[in-house]
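S.K.: Below is a structure I'd like to ask you about.
The values are calculated or read from the model by the stated rules, or taken from the named source; none is laboratory data. The structure presented is a predicted model; accordingly, all values stated were derived computationally and were not measured. Here the Cβ is made from the backbone with ideal geometry for all residues, glycine too, and neighbour counts use every protein chain on show.
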Amino acid sequence: MSGSTAARPKRPRGFAAMDPKKVQEIARKGGRAAHEAGTAHRFNADEAREAGRKGGLAPHKRRAEDGTGEAAEATTPDTSST
């Protein structure tokens with residue numbers, strides 16, 4: 001403990017402290033590198049739809065497990081898109 005009780009104001013660190021154009025340039029280089037390496041991924045419409053469906057089911061499943069809400073239809077498996 002330093003003995004000082006006065007709180008210092010938080011200063012931005014990392015990307016938050018950088019010029020937005022510099023951050024954009026770094027992100028652009030990272031995106032290009034990922035595509036060149038073959039590790040980049042771009043969602044197609046079907047993948048995005050499935051991710052959205054799963055994201056919508058997650059909170060309902062938690063509520064059903066907690067017993068804080070009705071989510072019977074959210075806990076039944078979807079057999080229409082297999």
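S.K.: Give just the number: which of (1) under 23 Å from the mean Cα position of the chain (by Cα); (2) aliphatic (A, V, I, L, M); (3) modelled with pLDDT under 90 does residue 71 not satisfy?
M.R.: Answer for residue 71: the failing condition is (1).
S.K.: Quick check: is even one residue across the range 41-56 among the small types (Gly, Ala, Ser), loosely packed, with under 10 Cβ neighbours inside 10 Å and at pLDDT 90 or above?
M.R.: Within the range 41-56, the subset among the small types (Gly, Ala, Ser) is 45, 48, 51-52, 55-56.
The next check asks that each one be loosely packed, with under 10 Cβ neighbours inside 10 Å; those that pass are 45, 55.
Those left that are additionally at pLDDT 90 or above: 45.
Within the range 41-56, one or more residues are among the small types (Gly, Ala, Ser), loosely packed, with under 10 Cβ neighbours inside 10 Å and at pLDDT 90 or above.
S.K.: Another one. Can you find a residue in the range 10-26 that is modelled with pLDDT of 95 or more, more than 23 Å from the chain's Cα centre (by Cα) and not basic (Lys, Arg)?
M.R.: yes
S.K.: Consider only pairs whose beta carbons are under 6 Å apart and that are at least six residues apart or on different chains; among these, list those whose first residue lies in the range 5-20 and is in contact (Cβ under 8 Å) with a residue 12 or more places away in the chain and whose second residue is loosely packed, with under 10 Cβ neighbours inside 10 Å and part of a loop (DSSP other than H, G, I, E, B).
M.R.: none
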